[in-house]
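For reference, the structure discussed in these notes is given below.
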Amino acid sequence: AHADRALLGASVGRREAEEKLLLSQLRLDGVIQSAMDAIITVDQDQRVVLVNRAAEQMFACPAHEAVGQPLDRFLPTRFREAHRHHVEAFGQSRSTSRKMGQLGKVAGLRSNGEEFPVEAAISHVVVEGKTFYTVILRDITERLRAEEQLRGIEERSRLALEAGQLGVWECD
């Protein structure tokens, strides 16, 4: 009877642990799927293992078509080789993450072939001897367009002041 109670207690404890693990996984998945920035995780062979909804929308590619495929499908051809070497070097470095904007200009490739500018942050983690890379991407097309419009407005204002031979002064 004592052994039966111990076995039953162990079984209940295991079931509770499994339920807690499942809830934890569901919470994490909810956070990843609700993120407004695109999130893509690849394995050490740079094959996609995770794509969130924002990435599906950004690249116009459903997760079921991306998972298991090379990351190259999201990169313009001219950047693929350099990107592959960059990720490998990053994985061998002591750094575990790089912030948004530190990677310089990066371009993404939608499933329809359209290229677009992105900012990216990358991190990597080793799990059971395997390296995984996660990139968080933000499409900066609209921001670059707004910056270009602002530069145009500033240039037109400067030209108008010069052409009108108006004096400009500031006082406080």
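The table for this structure:
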{"quantity": "Pick from segment 128-154, criterion modelled with pLDDT of 90 or more, part of a helix (DSSP H, G or I) and among the aliphatic types (A, V, I, L, M), ranking: most open to solvent (accessible area, probe 1.4 Å)", "calculated": "Leu150"}
{"quantity": "Test: residue in segment 70-84 that is small (Gly, Ala, Ser) and surrounded by 14 or more Cβ atoms within 10 Å (Cβ to Cβ)", "calculated": "no"}
{"quantity": "Check on Gln25, more than 22 Å from Pro117 (Cα to Cα) and in contact with a Gly (Cβ under 8 Å, 6 or more places away or on another chain)", "calculated": "no"}
{"quantity": "Any helices (runs of 4 or more DSSP H) falling wholly within segment 1-115 and containing at least 2 residues that are of a type outside the set (A, V, I, L, M, F, W, C) and at pLDDT below 95", "calculated": "2-34, 77-92"}
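The values are calculated or read from the model by the stated rules, or taken from the named source; none is laboratory data. Because the structure is predicted, anything quoted here is derived from the model rather than measured. Reconstructed Cβ throughout: ideal geometry from the backbone, glycine too, with neighbour counts over all protein chains shown. Surface areas here come from the heavy atoms of the whole protein model, side chains and all, with no ligands, DNA or RNA. Shrake-Rupley method; radii C 1.70, N 1.55, O 1.52, S 1.80 Å.
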